[in-house]
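Data block below; observations after.
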Amino acid sequence: MTYDVLIVGYGPAGITAGIYAARKKLSVVLIGDLPGGEVRNSGDIENWPGDRTTDGNALADKMIAHLQDHADGVEVVQDKVAKITKDENTFTSLTESGKEFQSKTVIYTAGRHPRMLGVPGEEEHRNLGVTYCATCDAPLFGGKDVAVIGGGNTGAEAVIMLQKIASHIYLLHDTDKLNADPVLIANFENDPKVTILYNTQTTGITGEQLVSGLSYKNKATQEETTLAVEGIFVTIGANPNTEPVKDLIELNKFKAIPADRYAVTSVPGFFAAGDVTDIRDAQIVVAAGHGCSAALSAGDYISRLPK
Amino acid sequence: MVRMKVTIYTTKTCGYCKATKEFFKEHDIAYTEIDVSNDQSQARAMIERSGQMGVPVILIGEAPNEQMIIGYDREALATALNITL
């Protein structure tokens, strides 16, 4: 069969698009491998209106339950889309496990994945002390000295999580001012357990099997220092998951999909929403809103297709 | 069908752990969960047993021939559990 809408991604943008598309009585299949998306790996969430304080898992579960209310209209497939092609007015999406789906439109909300440092020793020590998900792995570093690299909101949240767990935390940032929200920084800026190192550039990760050290350079003095740490939390941003559509649509220099506020892209019938696009604010509430617009745009597009 | 012993090490807040457990449910796989979030001795035991410092860690089969899968990897899980995706 040919679905009206195929949604790629199981996060806030995709789920919201699914709810809106189902309410328009469109036939929908949603394909995603992490139910709830990267939201699941967020810690506490205090900026989702209506829930003063919640956490990633709780919010993801609520969103999924809401989508399941429309189970008769939205088929959910736990899989990963590997490639999308377009032929005339039909899109074909191929998944990693070899399934193929046809649809009139695609709403692409595949999100982003954490960026790597690209320094010697990083790849070899993945899951051996180097982690990209503080929410997942922080509890494994009880009583250890650790480093968090990147002073944005994700890094600050990692420090806050680790304050209760680790022995000492070094927060390394590449400029002379942290990017995180002041309300987050206030939690640790005066904590003697936390050392903030500014103007740093990570140069290498060392250790026999498990991580035992991190080297960094002071960008002002060029002086190189090695810290004895057993855990390294990398929080230096994220890259868009656009590999499956790189031959379908022109990406921007950050490999994000250019999409307008209505989620319209340069390819007719292909809509994109949330963190995978060039949208400025990678926020749950923004992604959800963009997902809504994508579904409405897709509905509008379908109504104009030749019958 | 022979039921294989499946153990998953998790933390409460780990999304990939949740996704892995959903996968088990979908394919009707019984599993034992060890939550290491608030238990440093279990966390240490996991690190010693698996040599890994990241969750989820999934052990399939009986020691000493058990198979270890790190992270949420559907294809590796399907192969180890002998199921078709």
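Of the options B:GLY71, A:ALA65, A:PHE233, report the single residue whose Cα projects farthest towards the positive end of the charge dipole of the protein assembly as shown (beta-carbon charges: Lys, Arg +1; Asp, Glu -1).
Value computed over the given set: A:ALA65.
Can you list which of the GluC sites (Glu not before Pro) found in the range B:45-85 are DSSP loop residues with at most 11 other C-beta atoms within 10 Å?
Here the GluC sites (Glu not before Pro) that fit, given the DSSP loop and packing criteria, are B:GLU62.
Would you grab the residues whose amide H sits under 5 Å from the one on A:ILE232? Only those 5+ places off in sequence or on another chain, please, with H modelled 1.01 Å from N.
Result for A:ILE232 returns A:VAL130, A:THR131, A:ALA147.
For the range A:127-254, what is the percent of antiparallel DSSP beta bridges, rounded to the nearest 5?
Antiparallel: roughly 40 percent of the beta bridges in the range A:127-254.
Evaluate the charge dipole of chain A about its Cα centre and quote only its size in Debye, nearest 20, assuming +1 on the Cβ of each Lys and Arg and -1 on the Cβ of each Asp and Glu.
The dipole magnitude comes to about 780 debye.
Size of the dipole of the range A:13-120 about the Cα centre, Lys and Arg at +1 and Asp and Glu at -1 on the beta carbon, nothing else charged, in debye to 20?
320 debye
So what are the ³J(HN,Hα) numbers for the range B:49-65, from phi and the Karplus equation (6.51, -1.76, 1.60; θ = phi - 60°), rounded to whole Hz, Gly and Pro as x?
So the Karplus estimates, Gly and Pro as x, are 5, 9, x, 10, 10, x, 10, x, 10, 10, 10, 10, x, 9, 5, x, 9 Hz.
What is the antiparallel percent of DSSP beta bridges lying wholly in the range A:71-196, to the nearest 5?
Percentage antiparallel, nearest 5: 55.
Using only Cα atoms, locate the centre of the range B:39-82 and the centre of the range A:119-179, then give the distance between them in Å, rounded to an integer.
23 Å
Which residue, chosen from A:GLY150, A:THR109, A:TYR132, occupies the Cα position most advanced towards the positive end of the dipole of the range A:82-164, where the dipole is computed from +1 (Lys, Arg) and -1 (Asp, Glu) charges on Cβ about the Cα centre?
The residue sitting farthest along the positive end of the dipole is A:THR109.
Hey, what do the phi angles of the range B:10-15 turn into as Karplus ³J(HN,Hα) couplings, whole Hz, using 6.51/-1.76/1.60 and θ = phi - 60°, x for Gly and Pro?
Once rounded to whole Hz, the list reads 9, 10, 4, 9, 8, x.
What number comes out for the charge environment of A:ASP69, summing +1 per Lys or Arg and -1 per Asp or Glu over other residues with Cβ under 12 Å away?
+1
Report, by chain and number, residues whose modeled amide H sits under 5 Å from the one on A:GLY204, excluding near sequence neighbours (fewer than 5 apart, same chain).
Counting only residues 5 or more places away or on other chains, the set is A:SER215.
Where both residues lie in chain A, what percent of DSSP beta bridges are antiparallel, nearest 5?
Taking every DSSP beta bridge within chain A, about 45 percent pair in antiparallel fashion.
Determine the shape class of chain A: with a ≥ b ≥ c the square roots of the Cα gyration tensor eigenvalues, call it rounded for a/c under 1.5, and otherwise prolate if a/b is greater than b/c, oblate otherwise.
Because a/c hits 1.5 or more and a/b exceeds b/c, chain A counts as prolate.
Give me, ordered by chain and number, the residues 5 or more places off A:LEU34 or on other chains with an amide H under 5 Å from its own placed amide H.
Residues meeting the criterion, in which the H sits 1.01 Å from N, are A:TYR10.
Under 13 Å from the Cβ of B:ARG44, count the other residues' Cβ atoms, weight Lys and Arg +1, Asp and Glu -1, and hand me the total.
Taking every Cβ under 13 Å from that of B:ARG44, the sum is -1.
Is there a quick way to get the dipole size of the range A:123-234? I mean about its Cα centre, with the Cβ of Lys and Arg at +1 and of Asp and Glu at -1; what is the value in debye to the nearest 20?
120 debye
Assuming a ≥ b ≥ c are the square roots of the Cα gyration tensor eigenvalues, decide whether the range B:6-71 counts as rounded (a/c under 1.5), prolate (otherwise, with a/b larger than b/c) or oblate.
oblate
Around B:LYS18, under 9 Å between beta carbons, what's the net of Lys plus Arg minus Asp minus Glu among the other residues?
Around B:LYS18, the surrounding residues sum to 0.
Every number in this text was worked out from the coordinates using simple rules, so none of it is lab data. This is a predicted model, so every value here is computed, not measured. Note: ideal-geometry Cβ built from the backbone for every residue, glycine included; neighbour counts use all protein chains shown.
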